[in-house]
Structures are given as C-alpha cells and as structure tokens.
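Some notes on the structure that comes next.
The values are calculated or read from the model by the stated rules, or taken from the named source; none is laboratory data. Treat the numbers as computed from the prediction; the structure is a model and nothing was measured. All Cβ positions, glycine included, derive from the backbone under ideal geometry; neighbour counts span all protein chains shown.
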Amino acid sequence: MSTPRAQGGTAINVSALVTCLSAFPLMVGLTGCVGDRYDQSTGHRVDDKRTAERDYSQNTDPRIEDSRTAERVREALAAGADYRYDRVKVVVRDGVAQLSGFVNTNAQRNYAGEVTGKVVGVKSVENNLTVKD
C-alpha cells in the first residue's frame, strides 16, 4: 500500500501539470498577436513619429474598398456647410464615383463634384446630378 505522503505528492504533481498545460495556450495566444515596432498586429504600419496609417499593400476586396469610398463621399457631402445632397445617390466602382440624383442649383452640382474628387480612394468622378428647374 502507498503512504499518504506519496498520494499527496502525486496530487500536487497532477495539479501542477494541469495548471501548466492550461496556462500554456493562454500565453501562446497572448504573445501570438503582438506585432513589432513597425508592424502592428492591426495591419497598420507605424513610422518613427508613432502615427499609424493603413498598409494598402494588403489584398483587399475591391468591393469593400469601393463601399468604404462611397461612405467617405457621403460623409464629405454631408459635412458641407450648405447640405442639400439628401437626394444624391453615390456609387463607387473601381474608384470611379458616380453621382446621380437632384440638386437645387448648378453651384451645388459643381460643388458636389469637386468635393467628391477630393475624397481618398476616388480616381475620377462621373457627375450625373440633375439641377431642378
């Protein structure tokens, strides 16, 4: 028969083994997500001034980028002091922004085209806005 001391030692060894084995995946998981000084794990590149910018060398679905660009165009139009673009439809395909819908004046039509052309991701603008009479 085994002595109580031997049973207690075995229980401690088993509990230490279980603790180590359960802590191992946690440690690997936490350290596996860390980037280095220049490449964060978020896909952003960090320069020496500590500003992060998107690394566009990654392969991103063009439809997703076009959708993001269209949203940036809508935000830029909405940020205008004279917002009258609630009936303007914005579609972006391969970086070409297409504006369609109605505006009140020719100046609004031109301004919408100018603002859209300055948005990041827009390569060209097809301004199909119609001025209401």
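What are the pairs, 6+ residues apart or on separate chains, where a residue within segment 77-94 that is over 17 Å from V131 (Cβ atoms) has its Cβ under 8 Å from a residue that is of a type in the set (S, T, N, Q) and at pLDDT 85 or above? As it stands, the answer is V90/Q98; V90/T116; V91/Q98; V91/S100; V92/S67; V92/T69; V92/Q98, since those pairs meet every condition given.
Tell me yes or no: at least one residue of segment 54-71 is outside any loop (DSSP other than H, G, I, E, B), modelled with pLDDT under 70 and out of contact with any Pro (no Cβ under 6 Å at 6 or more places or on another chain). Looking for residues that are outside any loop (DSSP other than H, G, I, E, B), modelled with pLDDT under 70 and out of contact with any Pro (no Cβ under 6 Å at 6 or more places or on another chain), one finds at least one in segment 54-71, hence yes. Would a scan of segment 106-124 turn up a residue that is at pLDDT below 90 and either part of a loop (DSSP other than H, G, I, E, B) or in contact with a helix residue (DSSP H, G or I) (Cβ under 8 Å, 6 or more places away or on another chain) (or both)? Checking segment 106-124: not a single residue is at pLDDT below 90 and either part of a loop (DSSP other than H, G, I, E, B) or in contact with a helix residue (DSSP H, G or I) (Cβ under 8 Å, 6 or more places away or on another chain) (or both).
Among the residues of segment 91-111, just one is within 11 Å of A70 (Cα to Cα) and touching a Leu at 6+ places or on another chain (Cβ under 6 Å), namely L99.
Could you check, for segment 31-42, whether at least one of its residues is at pLDDT below 85, assigned to a helix (DSSP H, G or I), of a type outside the set (D, E) and on the phi < 0 side of the Ramachandran plot? So far as segment 31-42 goes, yes, one or more of its residues are at pLDDT below 85, assigned to a helix (DSSP H, G or I), of a type outside the set (D, E) and on the phi < 0 side of the Ramachandran plot. For K123, state whether it is touching a strand residue (DSSP E or B) at 6+ places or on another chain (Cβ under 8 Å), among the charged types (D, E, K, R) and at negative phi. In short, yes.
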